[in-house]
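For reference, the structure discussed in these notes is given below.
Every number in this text was worked out from the coordinates using simple rules, so none of it is lab data. Owing to the predicted nature of the structure, the values given are computational and were not obtained by experimental measurement. Positions of Cβ are backbone-derived with ideal geometry, glycine not excepted, and every protein chain shown enters the neighbour counts.
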């Protein structure tokens, strides 16, 4: 996954990465412009201090090869994500800067807002990613129908599933490697011996299988 770093005209430092369309599976289609995002994917722009975030869709396929002045033009076109729709984070919590930690997921979990403007993170998005070693996982927010519990972030592969009860609201914007970190976090929390067969048990430092 390409991650570009650049500065805007005011001297602020930004990172940009893309969410590719083949990894997005919408369960519902809402407003037309959001449906377009599902078809094309989007670029996430975030300041390195985590205070501002934007999304752009559609976007040029070769965006990661553009010179900085053209990246600034894309940034200007991108839609700002309001702070009320973002998980709380610090400068070191950017998905492109640092792996997800247990503290981050606890502190960052935030309910969806009641604002009238729809946002990608308000919709039923299904992301897919490949775990090191080759297993394909999907992840989405679902209700725990088996015990009438609250919503959870559920990771599924085949007949196996692992739930994370607290998660960052903006998880659909995460690059694949940070979805993997959330999966590892969910696995760690199931420390009561109830891990399903085949649950990932790899350490962060383990080489790919």
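Can you tell me the FRET efficiency between residue 77 and residue 49 if r is taken as the Cβ-Cβ distance and R0 is 22 Å, rounded to the nearest 0.05?
Values: r = 22 Å, r/R0 = 0.99.
Taking R0 as 22 Å, the efficiency between residue 77 and residue 49 is 0.50.
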Checklist entry - If you count, for each residue, the other Cβ atoms within 10 Å and average over each peptide, how do 70-78, 53-61, 128-136 line up from highest to lowest? => result 53-61, 70-78, 128-136
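I need the peptides 7-15, 170-178 ranked by packing, meaning the mean over residues of other C-beta atoms within 10 angstrom, with the highest value on top.
So the order, starting with the most tightly packed, is 170-178, 7-15.
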Checklist outcome for this item: Distance in nm between residue 136 and residue 188 label points, each 7 Å along Cα→Cβ, equals 2.9 nm
Item to check | Virtual spin-label span in nm between residue 66 and residue 177, 7 Å along Cα→Cβ | outcome: 2.3 nm
Checklist entry - Using 7 Å Cα-to-Cβ label points, what is the residue 39/residue 7 separation (nm, one decimal)? => result 3.9 nm
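Take every Cα-Cα pair in the range 3-85 and report what % of them are more than 20 Å apart.
Details: 1113 of 3403 pairs.
Cα-Cα pairs in the range 3-85 separated by more than 20 Å: 33 percent.
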